[in-house]
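In what follows, a single structure is set out as structure tokens and then discussed.
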Amino acid sequence: MKKFITDDTRKICKDSIFLITPQNEKFLNNLTSSIKTIHREDLSQYFNTNIKIIGITGTNGKTTISAAIYSMLLDMGYSVALLGTRGMFINDKKMKEKGLTTPSLLELYHNIDMAVECGCDYFIMEVSSHAIKQERIFGLEFHAKVLSNITSDHLDFHKTLDDYIQTKMDFLKSGNCPKIINFDDTHGSALRFFPNVFGYGVENKSHFFVSAYSLKDGIFARLNALRERFGNQKNDEKYEESDINSSLFGMFNLYNLMAAILTIKVISNRDLSEICEFCANFGGVSGRMEVVSKKPLIIVDFAHTTDGMIKVFESFKDKNISVVFGAGGDRDSTKREKMGHCASLYADKIYITSDNPRSENPEKIIQEIAKGANNHQSLQLIVDRKEAIKLAISELPDDWVLLILGKGDENVQIFKDYEIHFSDKECVLELLSL
């Protein structure tokens, strides 16, 4: 019966069951009286969602944290599904291509039901602010929730930063499941006294913290977990300790790995040292601080907010930086000038170019970004993204790093009336082979 359920009036056929949601209520007049309708409260009658669902939210880090949890749980012998920006995976097999970070309610229930049928122990999913606001996670019981951080983003949808923050908070405060929270984040720390909260941080000592770390040529860190918080006080040892060694770059990836490790510690209560061993096997996510070339050093990352850019820039304090980036059209325009200013503070060479212009004029977007970097000594505006990358590579000194930001592992570029195939990684590799 599942295959006949639809939430799209254009896809109704003879035996369809139509799911009524807040998004499609206005189209109900198009239905004939013979069409059976159900409400979202009825979905549990048609789909099995009896699985441990782990939801990860935050402005930055959702994809990497989700992938790290997924990777480590698989290595630990669990059967796991992963749903997010990169698509849907079940036990290392890709089941669906990229789509929305969090799909429609009906599609989500389909995906969870599929994971249950495949015998999965866990369903790991990214939870976007859009999905929370539009109630696209309605009726789901989460086994654990994770917060990476909250900074300004998606104001084109939320209109105000307060609404964006409140939307995330509504998700985190609901339910009695464990909440894994970044206490170094201002908004996250406000949740420290809520029930069933487990905090992690680098700057602030919490239930899970770092006593020493190095970010040179990867990540090394000594991690400490407060034993009594996990119900395993052992003799006089207050903390459970272990080290991690990772090939990933940057402080923000240390936070991402801590979030993943703490989540697995909370849901499994396995030894910290055992979890950290599996962490070493996680090589990161395509398009997230991905090293495309070592000589010259060229890195592709999805950073498309000021906060995301800062985290990438801060990872290369010991190097001169060239950066290629733009901003998406038909999206939050208030961040464009801020992104330009951010780049001017960290980068030695700046190449502002097109991202996904969509219906907007690419030159207009570039000019808005450039306002924030107008006084920079080395600033170039190049509409064609490939030409910008080509010029940046040709002008890159041997001991510098080139950061190509904004699109990550996307393989299309979206214009007003058409799309083209475009991958930053493929572009770099092609130019380097010439």
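The values are calculated or read from the model by the stated rules, or taken from the named source; none is laboratory data. In this text, all values refer to a predicted model and were calculated from it rather than measured experimentally. Counting neighbours? That spans all protein chains shown, and the Cβs are built from the backbone with ideal geometry, glycine included. Ligands, DNA and RNA are stripped out before the accessible areas are found, and what is left, the full protein with its side chains, is counted by its heavy atoms. Shrake-Rupley method; radii C 1.70, N 1.55, O 1.52, S 1.80 Å.
The number of residues in the range 311-355 that are open to solvent by less than 60 Å² (accessible area, probe 1.4 Å), more than 19 Å from ILE382 (Cα to Cα), in contact with a helix residue (DSSP H, G or I) (Cβ under 6 Å, 6 or more places away or on another chain) and of a type outside the set (Lys, Arg) comes to 2.
Picking from residues in the range 412-429 that are out of contact with any strand residue (DSSP E or B) (no Cβ under 6 Å at 6 or more places or on another chain) and touching a residue at least 12 places away in the same chain (Cβ under 8 Å), the one that is most open to solvent (accessible area, probe 1.4 Å) is LYS416. Against the criterion of being in contact with a Gly (Cβ under 8 Å, 6 or more places away or on another chain) and under 10 Å from VAL401 (Cβ atoms), SER315 qualifies. Residues in the range 360-376 that are within 17 Å of PHE415 (Cβ to Cβ) and either part of a helix (DSSP H, G or I) or open to solvent by less than 70 Å² (accessible area, probe 1.4 Å) (or both): GLU360, PRO362, GLU363, LYS364, ILE365, ILE366.
Given the residues SER79, SER44, SER71, SER66, which is the only one that is over 30 Å from PHE302 (Cβ atoms) and either in contact with a Pro (Cβ under 6 Å, 6 or more places away or on another chain) or not aliphatic (A, V, I, L, M) (or both)? Lay out the reasoning, then the answer.
Numbers: SER79 fails: over 30 Å from PHE302 (Cβ atoms); SER71 fails: over 30 Å from PHE302 (Cβ atoms); SER66 fails: over 30 Å from PHE302 (Cβ atoms).
On inspection, the qualifying residue turns out to be SER44.
When the residues of the range 143-163 are narrowed to those that are farther than 17 Å from ASN182 by Cβ and either open to solvent by less than 20 Å² (accessible area, probe 1.4 Å) or not charged (D, E, K, R) (or both), which ends up modelled with the highest pLDDT? Step by step, filter the range 143-163, then rank; the result is HIS143. Considering only residues in the range 122-142 that are buried (at least 17 other Cβ atoms within 10 Å of the Cβ) and within 23 Å of MET72 (Cα to Cα), the one that is modelled with the lowest pLDDT turns out to be SER128.
Residue by residue, here is whether (1) in contact with a Cys (Cβ under 7 Å, 6 or more places away or on another chain); (2) in contact (Cβ under 8 Å) with a residue 12 or more places away in the chain; (3) open to solvent by 20 Å² or more (accessible area, probe 1.4 Å); (4) of a type in the set (Gly, Ala, Ser) holds:
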| site | (1), (2), (3), (4) |
| --- | --- |
| THR49 | no, yes, yes, no |
| THR59 | no, yes, no, no |
| SER71 | no, yes, yes, yes |
| GLU97 | no, no, yes, no |
| THR101 | no, yes, yes, no |
| GLU107 | no, no, yes, no |
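ALA280 satisfies every condition listed in (1) among the aliphatic types (A, V, I, L, M); (2) open to solvent by less than 50 Å² (accessible area, probe 1.4 Å); (3) over 15 Å from the mean Cα position of the chain (by Cα) except (2). Counting the residues of the range 298-350 that are among the aromatic types (Phe, Trp, Tyr) and either over 19 Å from the mean Cα position of the chain (by Cα) or assigned to a loop (DSSP other than H, G, I, E, B) (or both) gives 3.
Counting residues in the range 118-126 that are outside any helix (DSSP H, G or I) and of a type in the set (Phe, Trp, Tyr) gives one or more.
Out of the residues in the range 198-231 that are among the hydrophobic types (A, V, I, L, M, F, W, C) and in contact with a Ser or Thr (Cβ under 6 Å, 6 or more places away or on another chain), state the one that is most open to solvent (accessible area, probe 1.4 Å). Give the derivation first.
Residues of the range 198-231 that are among the hydrophobic types (A, V, I, L, M, F, W, C), as a first pass: 198, 202, 208-210, 212, 215, 219-221, 223, 225-226, 230.
With the extra rule that they be in contact with a Ser or Thr (Cβ under 6 Å, 6 or more places away or on another chain), the set shrinks to 219-220, 223.
On the way: ILE219: 5, PHE220: 74, LEU223: 0 Å².
If we take residues in the range 198-231 being among the hydrophobic types (A, V, I, L, M, F, W, C) and in contact with a Ser or Thr (Cβ under 6 Å, 6 or more places away or on another chain), then PHE220 is most open to solvent (accessible area, probe 1.4 Å).
Listed conditions (1) modelled with pLDDT of 90 or more; (2) under 30 Å from ASP184 (Cβ atoms); (3) surrounded by 17 or more Cβ atoms within 10 Å (Cβ to Cβ) are all met by MET76, apart from (3).
Screening ASP243 against (1) closer than 27 Å to LEU73 by Cα; (2) modelled with pLDDT under 95 leaves a single unmet condition, (2).
If only residues of the range 165-197 that are surrounded by fewer than 19 Cβ atoms within 10 Å (Cβ to Cβ) and small (Gly, Ala, Ser) are counted, the one that is nearest to GLU135 (Cα to Cα) is SER174. When the criteria are applied in full, THR85 meets the requirement of being of a type in the set (Ser, Thr, Tyr), in contact with a Leu (Cβ under 9 Å, 6 or more places away or on another chain), open to solvent by 10 Å² or more (accessible area, probe 1.4 Å) and under 25 Å from ASP8 (Cβ atoms).
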